1. Just a yes or no: is a residue in segment 100-110 touching a residue at least 60 places away in the same chain (Cβ under 8 Å) and in contact with a strand residue (DSSP E or B) (Cβ under 9 Å, 6 or more places away or on another chain)?
2. Which of (1) at pLDDT below 65; (2) of a type outside the set (Val, Ile, Thr); (3) crowded, with 20+ Cβ neighbours inside 10 Å does Gly28 not meet, given it meets every other one?
3. Could you please give the count of residues in segment 88-105 that are in contact with a Gly (Cβ under 9 Å, 6 or more places away or on another chain) and not charged (D, E, K, R)?
4. Does Asn108 satisfy the condition of being at pLDDT 95 or above and on the phi > 0 side of the Ramachandran plot?
5. Working only within segment 137-163, note down all residues that are in a loop (DSSP other than H, G, I, E, B) and crowded, with 17+ Cβ neighbours inside 10 Å.
6. Are any of the residues in segment 116-135 surrounded by fewer than 17 Cβ atoms within 10 Å (Cβ to Cβ), outside any strand (DSSP E or B), at pLDDT 95 or above and of a type in the set (A, V, I, L, M, F, W, C)?
7. Report yes if some residue within segment 56-71 is over 16 Å from Leu126 (Cβ atoms) and modelled with pLDDT of 95 or more; otherwise report no.
8. Take Val101 and decide whether it is over 22 Å from Asp49 (Cα atoms) and out of contact with any helix residue (DSSP H, G or I) (no Cβ under 7 Å at 6 or more places or on another chain).
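The values are calculated or read from the model by the stated rules, or taken from the named source; none is laboratory data. Bear in mind the structure is a predicted one, so any value in this text is a computation, not a measurement. Quick reminder, even Gly has a Cβ in these numbers, built from the backbone with ideal geometry, and neighbours come from all protein chains shown.
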Amino acid sequence: MMKSRLVIVLVLVLSIPEISCHSVRYKGSMTSFMDVIRVVDGDTFYADDGSEKGLNIRLIGVDAPESRNTGRKTIGYYGQQSKEYLTKLLENKKVRLEYDVGRKDQYNRTLAYVYLQDGTFVNAELVRKGYAMVMTIPPNVKYAEKFVKLQRRARRNNRGLWNEKQAEN
């Protein structure tokens, strides 16, 4: 009886379809990395979770200007540059997701803090370089203080969208 249960479990595990992510040991636990499929704008992208469309991911704690006109929003100052930077950062890369309290937003996007395989904290990098602003929505506030400090520094150093000289052109 025990042997047949083991065989059934083994068959079930082996029949799970393979998805394009791999596991690595990260800070003492197993963590999966997923391939980035495409970037939507400066704070949203899709990653390959094995589904047909992929997993729609919205970066927690940051807000990049709009990079395209939609029904309700227009292209924002520095929006295209933000999208281009995120695309360059994520292109042909694998990412690891870290979650906070809330896992989905009102548009059913997955809310996450995102890390590259080299350890780059994508959300923080966007704020640090001035490609996004801090946007904290409770209960997802784990890195809010860090993001505020990075934004202050970006503004002080006229980085990205905080560069007044670029705004004049």
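1. Going through segment 100-110, the residues touching a residue at least 60 places away in the same chain (Cβ under 8 Å) turn out to be 109.
Applying the additional criterion that residues be in contact with a strand residue (DSSP E or B) (Cβ under 9 Å, 6 or more places away or on another chain) yields 109.
For segment 100-110, residues touching a residue at least 60 places away in the same chain (Cβ under 8 Å) and in contact with a strand residue (DSSP E or B) (Cβ under 9 Å, 6 or more places away or on another chain): present.
2. It is condition (3) that Gly28 fails.
3. Summing the residues that are in contact with a Gly (Cβ under 9 Å, 6 or more places away or on another chain) and not charged (D, E, K, R) in segment 88-105 gives 0.
4. yes
5. Scanning segment 137-163 gives Tyr143, Arg159.
6. Yes, because at least one residue in segment 116-135 is surrounded by fewer than 17 Cβ atoms within 10 Å (Cβ to Cβ), outside any strand (DSSP E or B), at pLDDT 95 or above and of a type in the set (A, V, I, L, M, F, W, C).
7. yes
8. Here the answer is no, as Val101 does not meet what is asked.
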